[in-house]
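The values are calculated or read from the model by the stated rules, or taken from the named source; none is laboratory data. Not measured: the values here are computed from a predicted model. Note: ideal-geometry Cβ built from the backbone for every residue, glycine included; neighbour counts use all protein chains shown.
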Amino acid sequence: MDENRVFIFDTTLRDGEQSPGCSMNPEEKLHLARQLERLGVDIIEAGFPAASEGDFASVQQIAREIRGVQVAGLARANLKDIDRAWEAIKPAASPRLHTFISSSDIHLKYQLRKSRAEVLKEARAAVAHACSLCRDVEFSPMDATRSDRDYLCEMVEAVIDCGARTVNIPDTVGYAIPDEFGDLIAYLFAHVKNIRQAIISVHCHNDLGLAVANSIAALRSGARQVECTINGIGERAGNAAMEEIVMALATRKDRFGLSTGVRTEYIYQTSRLLTQITGVRVQPNKAIVGANAFAHESGIHQDGLIKEKLTYEIMTPQSVGMPESHIVLGKHSGRHAIVNHLKKLGYDLSEAELNRVFVRFKDLADVKKEIFDEDLESILYEEVLRIEETYKLVYLNVVSGNVAIPTATMQIEFGGEVLKDAGFGVGPVDATFAAIRKITGTNYDLMKYAVNAVTGGTDAQGEATVQLKYKDRAVAGHGAHPDVLVASAKAYINALNRIEWLKKGE
Ligand code: KIV
Ligand code: ZN
């Protein structure tokens, strides 16, 4: 094995999905898993099968269909969770069971209410049981960075002794500082006798904005697996961003001498796909994948770049797959041009999918002169990753202005019938949402509403995101249309359809 090879463990579908508004349906998860496979990650953590029937089914589907990458399922350190996770991942070509229990005194005292000896015993039993089912077992001592170092060493040694092949050291609450975290990994290497029998992994949260720096410090101390997510999504402030780690290693190979198996030219596409699915955009100045990541505004920089790119560019937009020009197609573009362009973007659609995309493309090209990659992606999202539509927007007419009472008249198809009603509000969006609530008889709390222009220009499509509160979760819906009110209505209805879908899995 190449000792400079870093394994990329992607947890976008598990830890990433735990971020508010980032829940995905099974079709979307499978689609993203396919993209992660194309991107070249080593392991996909597909979910937490014991969490719900829906999680179980989705992990199992990914295990069945994704053959080129290892598929991991997460389980608490108890036999029932482990058995459930194994049931879900066992169809995988290369399954991995990932089990965890806390190791910090804070968690032991207040959450688990167990002694160190009891927890150590449970960790051993869990790993031994997992190893009796699966050849590849990973163990995580949760809250490792706030744990007593010697107890942590004892636990790591014990689980390796029981057969764990990977031991992951999580900075669960994002508390570590890079040199301290690097020291902790070095300490483990120095004090755990059997540590060379396992791969040491790290899993850093970004509460202090240090997740990527901490992960890299750990790699410098000998860790060889990094757990990370696309766009850095994840619990609270998120997880370490995969694109940042991978590009730091690639760009500063001179310093680290480490490599990954990631095909960096798919990074941008993967980031965009996740944004399309969740509606959670990255900030424009986000490293690697933000809209401004390669935009040079200052005259001095532009002057330098014209003379020699090296002056101000440490990596090229092409190396992460960011297209230089987003202009693609227009009204006269034929089906062939679209197929070719979609292929260039990495999408290989079935005939039926292509037909739907083509119809939507033509409709849009009738009202918009230039169709950009982003427009195509939003069409793709709606037509290919379509969720079952319990409710479907049929008709929307909105009257508003400085003298009118904003009124939305609407028709929605439900159960084969077309229902109609009108809503009033303080503005056109408020009226539109009121009409939807009336027709559907629903009244979920609106947690977030946002509209962005998909591209520049006044003829740009609006991309709307709506988050509704269902039980304790934020369910996001998205819609795109040149008319922002239609986009908003579609986003609200999409969120309702997602709630209906969730209800079916309960
Ligand atoms: O943050 C954490 O500790 C985790 C573990 C389950 C690995 O996500
Ligand atoms: Zn985590």
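What the table shows:
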| item | result |
| --- | --- |
| Residue among 165, 113 that alone is more than 13 Å from ligand 1 (Cβ to nearest atom) and on the phi > 0 side of the Ramachandran plot | 113 |
| First in the range 190-206 and under 15 Å from residue 169 (Cα atoms) and touching a residue at least 60 places away in the same chain (Cβ under 8 Å), second anywhere and within 16 Å of ligand 2 (Cβ to nearest atom) and of a type in the set (Ser, Thr, Tyr), Cβ under 7 Å, 6 or more apart | 199/166; 201/166; 203/140 |
| Top-ranked residue in the range 398-442 [being under 34 Å from the mean Cα position of the chain (by Cα) and at positive phi; ranked as modelled with the lowest pLDDT] | 415 |
| Count of residues meeting criterion [touching a Leu at 6+ places or on another chain (Cβ under 9 Å) and within 18 Å of residue 136 (Cβ to Cβ)] in the range 148-168 | 2 |
| Strands (runs of 3 or more DSSP E) lying entirely in the range 360-451 (those with 2 or more residues that are buried (at least 17 other Cβ atoms within 10 Å of the Cβ)) | 370-372, 391-399, 407-414 |
| Enumeration of residues in the range 246-276 that are closer than 22 Å to residue 312 by Cα and either in contact with a Pro (Cβ under 9 Å, 6 or more places away or on another chain) or in contact (Cβ under 8 Å) with a residue 60 or more places away in the chain (or both) | 246, 247, 249, 250, 251, 267, 268 |
| Criterion: within 21 Å of the chain's Cα centre (by Cα) and within 17 Å of residue 140 (Cα to Cα) - qualifying residue of 63, 51, 85 | 85 |
| Residues located in the range 97-128, provided they are away from ligand 2 (no atom under 16 Å from the Cβ) and within 14 Å of residue 73 (Cβ to Cβ) | 97, 126 |
| Residues located in the range 108-121, provided they are part of a helix (DSSP H, G or I) and surrounded by fewer than 17 Cβ atoms within 10 Å (Cβ to Cβ) | 109, 110, 111, 112, 116, 117, 118, 121 |
| Filter pass, residue 201 being within 16 Å of ligand 2 (Cβ to nearest atom) and of a type in the set (Ser, Thr, Tyr) | yes |
| Residue list for the range 363-397, filter: over 27 Å from residue 280 (Cα atoms) and modelled with pLDDT of 90 or more | 395, 397 |
| Where a residue in the range 27-45 is without any contact (Cβ under 8 Å) to a residue 60 or more places away in the chain and its partner, wherever it lies, is among the hydroxyl-bearing types (Ser, Thr, Tyr), with Cβ under 8 Å and at least six apart | 29/58; 30/58 |
| Residue count for the range 87-107, restricted to those that are farther than 22 Å from residue 155 by Cβ and assigned to a helix (DSSP H, G or I) | 3 |
| Filter result for the condition that a residue is in contact with a Ser or Thr (Cβ under 6 Å, 6 or more places away or on another chain), modelled with pLDDT of 95 or more and more than 28 Å from residue 265 (Cβ to Cβ), over 50, 75 | 75 |
| Matching entry among 136, 179 (being buried (at least 18 other Cβ atoms within 10 Å of the Cβ), of a type in the set (Asp, Glu) and either out of contact with any Asp or Glu (no Cβ under 6 Å at 6 or more places or on another chain) or assigned by TED's automatic domain parsing to the domain that holds residue 115 (or both)) | 136 |
| Residue satisfying all of: in the range 159-170; outside any loop (DSSP other than H, G, I, E, B) and crowded, with 19+ Cβ neighbours inside 10 Å; nearest to ligand 2 (Cβ to nearest atom) among these | 170 |
| Considering residues of the range 1-27 that are assigned to a helix (DSSP H, G or I) and surrounded by fewer than 22 Cβ atoms within 10 Å (Cβ to Cβ) only, the residue nearest to ligand 2 (Cβ to nearest atom) | 18 |
| Residue check for residue 18: within 16 Å of ligand 1 (Cβ to nearest atom) and assigned by TED's automatic domain parsing to the domain that holds residue 166 | yes |
| Residue selected from the range 203-228 under the condition among the aliphatic types (A, V, I, L, M) and closer than 12 Å to residue 7 by Cβ, by the criterion farthest from ligand 1 (Cβ to nearest atom) | 219 |
| Residue match in the range 41-64 (condition: assigned to a helix (DSSP H, G or I), β-branched (Val, Ile, Thr) and within 16 Å of ligand 1 (Cβ to nearest atom)) | yes |
